[in-house]
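Engineer: Dropping the structure in here first, questions after.
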Amino acid sequence: STEFDPTLEGSLPPDFHWGFATAAAQIEGAWNRDGRGPSIWDTFCHSGGNIKDNTTVDDACMSYDLIEEDVARMKSYGINAYRFSLSWSRIIPLGGKDDPVNEAGIAYYSKLVDRLLENGITPFLTLYHWDLPESLYRRYGGMLNKARYTLDFMRYARVCFESFGDRVKYWITYNEPVLSARAGYAEGRHAPGHTSATEVWIVGHTEIVSHARVCAMYKQEFQPTQKGHIMITLSGDWCEPWDQDDPLDLEATKRAMDFDIGWFADPLYGKGECDYPASMRAQLGDRLPCFTAEEQRLIRGSSEFYGMNSYTSHFIKHRDGPPEENDAKGNIVRMDTNKDGKERGTESDTPWLRTAPWGWAKLLRWIWDRYQLPIYITENGTTAKGELGWRPNSNDDILEDPHRIDYYKSYVAEVAKASQEGIVIKSYLAWSLLDNFEWALGYTARFGVTWVDFEDPKRTRYTKRSALFLGEIFRHLIAQKR
Ligand code: GBH
């Protein structure tokens, strides 16, 4: 049933942004067309053995070719905001500050921005959603070289502000910097596939410093005329101890949240000195770089809002003995139940992800209390059981996805309740508009509110019930302008 709590009617402000999020590598395809250069994810897919179903991002959802159709679909879902990422190597094929700009890439995103605006949809643009230009990685190791990388990232950002900033008012520098550093450089699950005990901390440092420099540049050179906003999006899920009475589990839980969220959020928004959490220094010692005084000044206050991606909640147990060399999670074990057998939530199609809104409610309050900034929810969503095997029968088929509807219903209710309590939440962008390339899981995890037929060369799309349900919820929750 789609009935929604009547006491929450009108609980979100009239200017609330709701819609969907996507990322370039996960949907665009056209990996080598119209002048685009390769990214580390193209290489990672092509080298084989890295992706669960041995697929690639070559064609993905073909969104590069289907803009008109996709924007019409967004319009039909009733959204007022859409978050997408720019492919750096589509805009600057070789990536570097002295390398040529690809006008075809600029034209593509420019057209997308125009179509969105024509349809009353506010664009949120992410500069970096994990697809580093391959050429920068080859030339100097990409983010492993802070000095060179930062100059290249700044030039890329400048090209984007100059090309789209007249129309785009919401900028996100990085999507989930923790994930691209940890999965890419410590765990080897993501491109470029390294398993190092030191690189992950260098890459994280590069991300935070280059983020801060781009924010400073935007504020000085573009914001006065373009009047937009800039932020970073952090990932992180609520954690609770496996055993409430075990001090080691209590500490491990704190460490889990420090390594997942505090790693970036403390330097950016923390109350004390601009630095990484003490628990990280304790575990990592010299491997964790230090900020210069100038960097500290730039980092503090760089992001104007708290950009938040969160999907689930965990119970945390301590690990006995010292952390593994390349541990980047705080020497912890994630559990599906607590000691008393309480389940963290209903299973989805993806082992790490369960429907656990109880933790989300706590996380929203924790972020608000600890960092005291308006929150833009930039991703939240789930896979649903049984969708992989679903086949469309006719063109007017709607895929029933009650699991996803229950998930959204419970999570969005927590947003509305938090908002009623005075926590400032400015957006809810669900992941995702389309089923898409789920990184190391390839096409075996469907997060979309739109089912995509990946066996069909035309990538035909089919509406899932949850797409329409979200529209109903937000029409109920967002107050009318008066
Ligand atoms: C986001 O990442 C991404 O921004 C987006 O691109 C992605 O498609 C989407 O969410 C859905 O995953 O160590 O096995 O327990 C989500 C980040 C991914 C972080 C899974 C935690 C745990 C994997 N989360 N990860 S595991």
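The values are calculated or read from the model by the stated rules, or taken from the named source; none is laboratory data. Note that the structure is a prediction, hence the values are computed from the model and not measured. Counting neighbours? That spans all protein chains shown, and the Cβs are built from the backbone with ideal geometry, glycine included. We work out accessible area using only protein heavy atoms, side chains counted, and drop any ligands, DNA or RNA first. Shrake-Rupley method; radii C 1.70, N 1.55, O 1.52, S 1.80 Å.
Engineer: Determine if the stretch 425-439 includes at least one residue that is more than 16 Å from the ligand (Cβ to nearest atom), among the basic types (Lys, Arg) and either in a strand (DSSP E or B) or at pLDDT 95 or above (or both).
Structural biologist: Within the stretch 425-439, the first condition is being more than 16 Å from the ligand (Cβ to nearest atom), and the residues that meet it are 425-426.
So of that shortlist, the ones also among the basic types (Lys, Arg) come out as 426.
Of the ones still in play, those that are also either in a strand (DSSP E or B) or at pLDDT 95 or above (or both) are 426.
Yes, because at least one residue in the stretch 425-439 is more than 16 Å from the ligand (Cβ to nearest atom), among the basic types (Lys, Arg) and either in a strand (DSSP E or B) or at pLDDT 95 or above (or both).
Engineer: Residues that are within 16 Å of the ligand (Cβ to nearest atom), within 22 Å of the chain's Cα centre (by Cα) and surrounded by fewer than 19 Cβ atoms within 10 Å (Cβ to Cβ): does the stretch 294-306 have at least one?
Structural biologist: Residues of the stretch 294-306 within 16 Å of the ligand (Cβ to nearest atom): 306.
Adding the requirement that they be within 22 Å of the chain's Cα centre (by Cα) leaves 306.
Add one more test, that the residue is surrounded by fewer than 19 Cβ atoms within 10 Å (Cβ to Cβ), and what stays is none.
No, the conditions are met nowhere in the stretch 294-306.
Engineer: Could you grab me the full set of residues in the stretch 380-389 that are open to solvent by 10 Å² or more (accessible area, probe 1.4 Å) and touching an Asp or Glu at 6+ places or on another chain (Cβ under 9 Å)?
Structural biologist: Those that are open to solvent by 10 Å² or more (accessible area, probe 1.4 Å) and touching an Asp or Glu at 6+ places or on another chain (Cβ under 9 Å): Lys385, Gly386, Leu388.
Engineer: Restricting attention to the stretch 136-192, report how many residues are more than 16 Å from the ligand (Cβ to nearest atom), among the hydrophobic types (A, V, I, L, M, F, W, C) and crowded, with 24+ Cβ neighbours inside 10 Å.
Structural biologist: Within the stretch 136-192, the subset more than 16 Å from the ligand (Cβ to nearest atom) is 136-171, 192.
Those left that are additionally among the hydrophobic types (A, V, I, L, M, F, W, C): 136, 143-144, 147, 151, 153-154, 157, 159-161, 164, 168, 171.
Add one more test, that the residue is crowded, with 24+ Cβ neighbours inside 10 Å, and what stays is 136, 143, 153, 157, 171.
So the answer is 5.
Engineer: With respect to Thr206, is the statement that it is more than 21 Å from Asn50 (Cβ to Cβ), more than 16 Å from the ligand (Cβ to nearest atom), under 19 Å from the mean Cα position of the chain (by Cα) and in contact (Cβ under 8 Å) with a residue 24 or more places away in the chain true?
Structural biologist: On the way: more than 21 Å from Asn50 (Cβ to Cβ): yes; more than 16 Å from the ligand (Cβ to nearest atom): yes; under 19 Å from the mean Cα position of the chain (by Cα): yes; in contact (Cβ under 8 Å) with a residue 24 or more places away in the chain: yes.
In short, yes.
Engineer: Please specify each residue of the stretch 409-424 satisfying the condition of being in a helix (DSSP H, G or I) and aliphatic (A, V, I, L, M). Talk me through it step by step, then tell me what you get.
Structural biologist: Kept after step one, since they are in a helix (DSSP H, G or I), are these residues of the stretch 409-424: 409-420.
Across the stretch 409-424, the qualifying residues are Val412, Ala413, Val415, Ala416, Ala418.
Engineer: Ok, one more. Can you name the residue in the stretch 346-378 that is under 28 Å from Tyr443 (Cα atoms) and away from the ligand (no atom under 16 Å from the Cβ) and is also surrounded by the fewest Cβ atoms within 10 Å (Cβ to Cβ) among such residues?
Structural biologist: Across the stretch 346-378, the extreme among qualifying residues is Thr346.
Engineer: Look at Gly330 and say whether it is more than 11 Å from the ligand (Cβ to nearest atom) and in contact (Cβ under 8 Å) with a residue 40 or more places away in the chain.
Structural biologist: Working: more than 11 Å from the ligand (Cβ to nearest atom): yes; in contact (Cβ under 8 Å) with a residue 40 or more places away in the chain: yes.
Against the criterion (more than 11 Å from the ligand (Cβ to nearest atom) and in contact (Cβ under 8 Å) with a residue 40 or more places away in the chain), Gly330 qualifies.
Engineer: Then there is this: Which one of these is crowded, with 19+ Cβ neighbours inside 10 Å and in contact (Cβ under 8 Å) with a residue 60 or more places away in the chain: Asp266, Asp249?
Structural biologist: Working: Asp266 fails: in contact (Cβ under 8 Å) with a residue 60 or more places away in the chain.
The conditions single out Asp249.
Engineer: Name the residues in the stretch 436-453 that are farther than 17 Å from Arg354 by Cα and either of a type in the set (Lys, Arg) or within 15 Å of the chain's Cα centre (by Cα) (or both), would you?
Structural biologist: If the condition is that a residue be farther than 17 Å from Arg354 by Cα and either of a type in the set (Lys, Arg) or within 15 Å of the chain's Cα centre (by Cα) (or both), then Asn436, Phe437, Trp439 are the ones that fit.
Engineer: Is it fair to say Ser87 is modelled with pLDDT of 95 or more, open to solvent by 40 Å² or more (accessible area, probe 1.4 Å) and among the small types (Gly, Ala, Ser)?
Structural biologist: Details: modelled with pLDDT of 95 or more: yes; open to solvent by 40 Å² or more (accessible area, probe 1.4 Å): no; among the small types (Gly, Ala, Ser): yes.
No.
Engineer: Using beta carbons and a limit of 6 Å, which pairs, at least six apart or on different chains, have the first residue in the stretch 99-116 and farther than 17 Å from Arg167 by Cβ and the second one of a type in the set (Gly, Ala, Ser)?
Structural biologist: Short answer, once both residue conditions are applied: Asn102/Gly35; Ala104/Gly35.
Engineer: Further, regarding this structure: Given (1) part of a loop (DSSP other than H, G, I, E, B); (2) modelled with pLDDT of 90 or more; (3) open to solvent by 30 Å² or more (accessible area, probe 1.4 Å), identify the lone condition not met by Asp406.
Structural biologist: Result: Asp406 fails condition (1) only.
Engineer: Away from the ligand (no atom under 16 Å from the Cβ), charged (D, E, K, R) and surrounded by fewer than 16 Cβ atoms within 10 Å (Cβ to Cβ), is that true of Asp5? Even if it seems obvious, please write down each step before you answer.
Structural biologist: Details: away from the ligand (no atom under 16 Å from the Cβ): yes; charged (D, E, K, R): yes; surrounded by fewer than 16 Cβ atoms within 10 Å (Cβ to Cβ): yes.
Criteria met by Asp5.
Engineer: Take the stretch 157-204 and flag every residue that is at positive phi and in contact with a strand residue (DSSP E or B) (Cβ under 8 Å, 6 or more places away or on another chain).
Structural biologist: Filtering the stretch 157-204 down to residues at positive phi leaves 176, 188, 193.
Once the filter is applied, which keeps residues that are at positive phi and in contact with a strand residue (DSSP E or B) (Cβ under 8 Å, 6 or more places away or on another chain), the stretch 157-204 yields only Glu176.
Engineer: Now a separate question. Could we say that Glu325 is closer than 30 Å to Lys426 by Cβ and either open to solvent by less than 10 Å² (accessible area, probe 1.4 Å) or away from the ligand (no atom under 16 Å from the Cβ) (or both) here? Break it down stepwise before answering.
Structural biologist: Details: closer than 30 Å to Lys426 by Cβ: no; either open to solvent by less than 10 Å² (accessible area, probe 1.4 Å) or away from the ligand (no atom under 16 Å from the Cβ) (or both): yes.
Here the answer is no, as Glu325 does not meet what is asked.
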